[in-house]
Amino acid sequence: MHILVNVSSIDPDSSHDGTCVLAPGDHDFITTPSYVTYQFAIQRHKNFIDRQVKLQVYTPRKEASNELTSRICEGIKKSKFTPRAIKDAYDATVRAVARRAEQAKK
């Protein structure tokens, strides 16, 4: 399962979620001041994403840097707009990764 977030351009005449603001250069895809719209975060299975890519609904982009990925992930927990189900799914993933890392040490 994957958590998908939307990135929207900042409209200077509208308010926006300031939890994770992105600037041109943070990623090749970001060309104007933007923000992560956590309220639209969804969880989808890898097979769904692969199918959307095959149908050309989703366009693959260059991977985000670890720093950018960390900022976006931290925002999942911080944003008051993130749906509870998404926060819960993220927490479950963090716990599972920690368990795997602990088991690998043994």
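Please treat every number below as a calculation from the coordinates, not as lab data. None of these values were measured; they are calculated from a predicted model. Cβ sites come from the backbone with ideal geometry, for glycine too, and all protein chains shown count toward neighbours.
So here's what we get for this one:
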{"quantity": "Percent of Cα-Cα distances greater than 19 Å, calculated over segment 2-105", "calculated": "52 percent"}
{"quantity": "Most fluctuating residue given options THR31, THR19, THR59, as computed from a GNM of the chain linking Cα atoms under 10 Å", "calculated": "THR59"}
{"quantity": "Gain on full stretching of the segment that runs from SER14 to THR59 - 0.36 nm per residue minus C-alpha separation", "calculated": "13.4 nm"}
{"quantity": "Of HIS45, HIS27, HIS16, the one that fluctuates the most in a GNM where the chain has Cα springs shorter than 10 Å", "calculated": "HIS45"}
{"quantity": "Hz values of 3J(HN,Hα) by residue in segment 27-40 - Karplus curve (6.51, -1.76, 1.60), Gly and Pro given as x", "calculated": "7, 4, 6, 8, 10, 9, x, 9, 8, 7, 9, 4, 4, 9"}
{"quantity": "Gain upon complete extension [ASP88, ILE42; 0.36 nm per residue less C-alpha separation]", "calculated": "15.4 nm"}
{"quantity": "Positive-pole candidate from ALA64, ILE30, ALA96, dipole of the chain, charges at beta carbon", "calculated": "ALA96"}
{"quantity": "Potential lengthening between GLN52 and LEU4 on full extension [0.36 nm per residue; Cα-Cα distance subtracted]", "calculated": "16.0 nm"}
{"quantity": "Value at 222 nm in deg cm²/dmol, rounded to 500, when DSSP H runs of n ≥ 4 in the chain each add -39,500 (n - 2.57)", "calculated": "-13500 deg cm²/dmol"}
